[in-house]
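To keep things clear, I will list the structure first and then write my remarks on it.
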Amino acid sequence: VVSFSSCAKVVDVPAQAVISPLAGSWIISSAEESNGYDWQPISLAYGQGIFDFYDQGPVQYKDAGTVLSGTWYSVSSVNSYYDEYGNYSSGAHQGLEMNITDFYSGNSLILSFDYIRFTSANSFVATNFDGKYTQRFNFIRY
């Protein structure tokens, strides 16, 4: 009778949370809109504040006198969109949705971007088409 036995060492490694490249503080460095021919700067009521994105969806917007809190989520789509150059494209791309509110005043800010692209670890561009104009927002880390 021959008997073999062996030991196996099992190492339990906890799963690491995936950190979103969006996590951190961002400001809008520029905002423009195009009618299909040229880009013109636009001013934004919320363009002077800081967006703090946290993993798993919370977002906060702060400026000199306002604090808005809410949620963000990334949207994966395979449909038509306008890129940061105003080119009409179709295919797989990422979008971004934000819904943030000042619970004291009831003021809210809903931002819906059809397309986002990280241009570096410290910047991304987001676009939206409103039926007439393509709007382009450049975000940089704060």
Exercise. Rounded to the nearest whole Å², what accessible area per residue is found for region 8-142 with the 1.4 Å probe?
Worked result: 61
For this session: Find how much the distance from I42 to V78 grows on full extension, using 0.36 nm per residue of separation minus their present alpha carbon separation; answer in nm with one decimal.
Result: 10.1 nm
Exercise. If Lys and Arg each add +1 and Asp and Glu each add -1, what is the summed charge of the other residues whose beta carbon sits under 15 Å from the beta carbon of N128?
Worked result: -4
Problem set entry | Cβ-based net charge around Y61, under 10 Å, with every Lys or Arg adding one and every Asp or Glu removing one | -2
Problem set entry | Answer label for Rg and Dmax of the Cα atoms in Å (calculated), chosen among (i) 16.4, 56; (ii) 19.0, 63; (iii) 21.2, 87 | (iii)
For this session: Binning at 10 Å from 0, report for region 54-132 what percent of all alpha-carbon pair distances ends up in each bin.
Result: 17, 43, 30, 10, 0
Exercise. So how compact is region 16-55: Cα radius of gyration and Dmax in angstrom?
Worked result: 14.6, 46
Exercise. To the nearest µm²/s, what D does Stokes-Einstein give for region 90-142 at 4 °C and 1.567 mPa s, using the Kirkwood radius over alpha carbon pairs as Rh?
Worked result: 103
Problem set entry | Dipole magnitude of region 49-142, debye to nearest 20 (Cβ charges: Lys/Arg +1, Asp/Glu -1, about Cα centre) | 140
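How large a share of the accessible area of the chain, in percent, is made up of carbon and sulfur atoms when the probe is 1.4 Å and the other protein chains stay in place?
Values: 4850 of 9160 Å².
Carbon plus sulfur share of accessible area: 53 percent.
The values are calculated or read from the model by the stated rules, or taken from the named source; none is laboratory data. As the structure is a prediction and not an experimental result, all values here were calculated from the model. Neighbour counts are summed over all protein chains in view; Cβ atoms, including those assigned to glycine, are modelled from backbone coordinates with ideal geometry. All accessible areas refer to the heavy atoms of the entire protein, side chains included, with ligands and DNA or RNA removed. Shrake-Rupley method; radii C 1.70, N 1.55, O 1.52, S 1.80 Å.
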